[in-house]
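Reading through the structure tokens given below for one structure.
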Amino acid sequence: MSERKTWQEIEVGVELPAATSLGYKTGGWRVLRPIWNASECIHCMICVGYCPDMAIPVTKSEEGVAGKGGRVFKGVVRLETNLDYCKGCGICAHECPSKCLSMIREEEAEQASCKL
């Protein structure tokens, strides 16, 4: 692997290697946090497609997971948002057709977790 270049040395228009963001946890400066209500989710994967940070992991489930209306969803299903990478942009919540995602201020989430 070659030496890393500083930002001043990078040429305009240069492509950087893919998947480099996985080495940098960037969720620490988030102002808003997504709250996922799994019981209202229809596992349509729209949030996954729109997430600019790939912060919504998915898995294949043969046994299925419960979702909206008590329906069991099998196949590819979403998991809890990975807050290590989520920047809190809210695109997932805006695009969600079942409105199972909402955004709350990070301070509210921290206060709620302290009360548990």
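The values are calculated or read from the model by the stated rules, or taken from the named source; none is laboratory data. Remember, it's a predicted structure, so these values are computed and weren't measured experimentally. As a convention, Cβ positions derive from the backbone with ideal geometry for all residues, glycine included, and neighbour counts pool all protein chains shown.
Collect the residues in the stretch 45-54 that are farther than 19 Å from K99 by Cβ and surrounded by 16 or more Cβ atoms within 10 Å (Cβ to Cβ), keeping them in residue-number order. Let's see the steps before the verdict.
Applying the first criterion (farther than 19 Å from K99 by Cβ) to the stretch 45-54 yields 52-54.
Across the stretch 45-54, the qualifying residue is only D53.
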Just one of the numbered conditions (1) closer than 23 Å to A109 by Cβ; (2) without any contact (Cβ under 8 Å) to a residue 60 or more places away in the chain; (3) not β-branched (V, I, T) is not true of E62; which one?
(1)
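Could you check the stretch 79-90 and list, in sequence order, the residues that are in contact with a Phe, Trp or Tyr (Cβ under 8 Å, 6 or more places away or on another chain) and under 15 Å from I35 (Cβ atoms)? Break it down stepwise before answering.
Restricting attention to the stretch 79-90, the residues satisfying the condition of being in contact with a Phe, Trp or Tyr (Cβ under 8 Å, 6 or more places away or on another chain) are 80-81, 87.
Result: E80, T81.
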Assess whether V48 counts as being touching a Lys or Arg at 6+ places or on another chain (Cβ under 8 Å), in a helix (DSSP H, G or I) and either among the polar types (S, T, N, Q) or modelled with pLDDT of 95 or more (or both).
yes
Flagged in the stretch 55-97 as in contact with a helix residue (DSSP H, G or I) (Cβ under 7 Å, 6 or more places away or on another chain), among the hydrophobic types (A, V, I, L, M, F, W, C) and surrounded by fewer than 12 Cβ atoms within 10 Å (Cβ to Cβ), in numbering order, are none
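State whether one or more residues within the stretch 79-95 are among the β-branched types (V, I, T) and over 26 Å from Q111 (Cβ atoms).
Step one: filter the stretch 79-95 for residues among the β-branched types (V, I, T), giving 81, 91.
Of the ones still in play, those that are also over 26 Å from Q111 (Cβ atoms) are none.
No, that holds for no residue.
Just to verify a result, which residue in the stretch 61-116, among those that are part of a helix (DSSP H, G or I) and of a type in the set (G, A, S), is nearest to the chain's Cα centre (by Cα)?
First, pick out the residues of the stretch 61-116 that are part of a helix (DSSP H, G or I): 68-70, 91-95, 106-115.
Filter once more, keeping what is of a type in the set (G, A, S): 69-70, 93, 109, 112-113.
Details: G69: 23, G70: 24, A93: 10, A109: 16, A112: 20, S113: 19 Å.
Taking the candidates together, the pick is A93.
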Counting just the residues of the stretch 20-41 that are surrounded by fewer than 16 Cβ atoms within 10 Å (Cβ to Cβ) and part of a loop (DSSP other than H, G, I, E, B), which one comes out modelled with the lowest pLDDT?
Y24
